[in-house]
Amino acid sequence: MNAITITNLNKSFVNGREISKVLKDINLDVEQGEFVSIMGPSGCGKSTLLYLLGGLDQPTSGTVCIEGTDLSKLSEKKLCEMRNNKIGFVFQFYNLVPNLSVEDNIALPLMIAGKNRSAYAKRIDEVLDIIGMKDKRKLTPRELSGGQQQRVAIARALVFDPEIIFLDEPIGNLDSKTGTKIMELFRDINRKYGKTIVQVTHSEEAALYGTKLVRVRDGQIESIAEIDANGNTVSCTVGHKPGDGLGRKVG
């Protein structure tokens, strides 16, 4: 079963009498365990696509299915449950609570969901170990570097052990050296723990840490390329037509 199936997805915004078509007949399958990078120029619709995949917005038409479940068929309660249990989000801005410690920031989703924090003590230790910050669990965000703050945001996204992680420009606020370390961490999370990852990025270098590169232009898929373990594109499909999901294979 695919982790994500996108079928004939469209998104439009109405501004007065004008209709702006942001996404046009997007078709894409994301297999379980893939690391998909979505690239494109500003305004091409890639962030809108990510929000639709994560259930943070509703499409004008078409469907997004997470593990076979059509998000549009879920009640708000069931959608919230899916976002809590199956999906994790990491954004460009870390969105940490300044006066909470590292471990309290990580535990915040548990408290919001009304979970017993003590029942997740082992999981909090595990995610602190994944991000390499067990020794900084009592520090507050103001005592951390930007890269460390993003690691805490990653741990927070992992605390429920989600199957899918969505990344929105995750290294956009970081210098190149720190950004490289964060992308290596995401790659490790994908390979070691089998998490499905979908990221939106402007960075070609960051995109090549994935297993698939999807280029979007003017609200449509321009090409889909497979990426090998060395970060090289090894095959590509172009000439996308609405409804076929791929197009003509080259390379």
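Since every read-out is calculated from the coordinates, none of them should be taken as a lab result. Everything numeric here is computed off the predicted structure, so don't read it as measured data. Cβ sites come from the backbone with ideal geometry, for glycine too, and all protein chains shown count toward neighbours.
How long is the gain from D188 to K73 if the chain were fully straight, where each residue apart is worth 0.36 nm and the alpha carbon distance is subtracted?
Going from the current span to full extension adds 38.0 nm.
If I model a spin label at S118 and H202 as a point 7 Å from the Cα along the Cα→Cβ vector, what separation in nanometres do I get?
A separation of 4.8 nm, rounded to one decimal place.
Assuming 0.36 nm per residue, please report the length gained on full extension of the stretch N84 to E126 beyond their Cα-Cα distance. Don't jump to the answer; show the numbers that get you there.
Working: separation 42, 0.36 × 42 = 15.12 nm, distance 1.82 nm.
So the extension gain works out to 13.3 nm.
Given springs between every Cα pair under 10 Å in a Gaussian network model of the chain, which of N105, N15, N85 has the largest fluctuation?
Evaluated over the chain, the most mobile residue of the options is N15.
Can you tell which of L28, N232, N99 lies farthest toward the positive end of the dipole of the chain, using +1 and -1 charges on the Cβ of basic and acidic side chains (Lys, Arg; Asp, Glu)?
Sorting the options by dipole projection puts first N99.
Can you tell me, using C-alpha contacts under 8 Å and at least 6 residues apart, the relative contact order of the chain as a whole percent?
Relative contact order comes out at 27 percent.
Just how large is the dipole of segment 1-93 about the Cα centre, in debye to the nearest 20, putting +1 at every Lys and Arg Cβ and -1 at every Asp and Glu Cβ?
Details: 10 positive and 10 negative charges, 65 e Å.
Dipole of segment 1-93, to the nearest 20 debye: 320 debye.
Taking amide H positions as placed in the peptide plane 1.01 Å from N, state which residues far from F89 in sequence (5 or more) or on other chains have amide H under 5 Å from it.
Hits under the 5 Å cutoff: F166.
Only residues of segment 192-218 count here: report those whose backbone N is under 14 Å from the spot 7 Å along Cα→Cβ of V234, or say none.
It comes to 210-213, nothing else.
Any chance you could give the angle, 0 to 90 degrees and rounded to 10, that helix 121-130 forms with the longest Cα principal axis of the chain?
Once rounded, one gets 70 degrees.
Taking amide H atoms as placed 1.01 Å from N in the peptide plane, list the residues 5 or more away in sequence, or in a different chain, whose amide H sits under 5 Å from that of T60.
HN-HN under 5 Å from T60: N10, K11, S12.
How far is helix 176-193 tilted, in degrees, relative to the longest principal axis of the Cα atoms in the chain, given as a value from 0 to 90 rounded to the nearest 10?
Approximately 90 degrees, to the nearest ten.
Counting only Cα atoms, I'd like the Rg/Rh figure for segment 94-161, Kirkwood definition for Rh.
Numbers: Rg = 10.7 Å, Rh = 11.6 Å.
Here Rg/Rh amounts to 0.92.
To the nearest 20 debye, what is the magnitude of the charge dipole of segment 94-161 about its Cα centre, counting +1 on the Cβ of each Lys and Arg and -1 on the Cβ of each Asp and Glu? Present the calculation step by step, with values, prior to reporting the outcome.
Working: 11 positive and 8 negative charges, 20 e Å.
Its charge dipole is roughly 100 debye.
Mean residue ellipticity at 222 nm from the helices of the chain, using -39,500 (n - 2.57) per DSSP H segment of n ≥ 4 over the full residue count, to the nearest 500 deg cm²/dmol? If you can, show how the numbers build up before the last one.
Working: 7 runs with 74 residues, N = 251.
Counting only the DSSP helices, I get -9000 deg cm²/dmol.
Any idea what the alpha-carbon Rg over 2.2 N^0.38 Å comes to for the chain? Intermediate results must be reported in sequence, preceding the final value.
On the way: Rg = 18.3 Å, N = 251, 2.2 N^0.38 = 18.0 Å.
Normalised Cα radius of gyration, the chain: 1.02.
Enter the angle in degrees (range 0 to 90, nearest 10) between the Cα long axis of helix 102-112 and the first principal axis of the Cα atoms of the chain, meaning the one along which they spread out most.
Once rounded, one gets 60 degrees.
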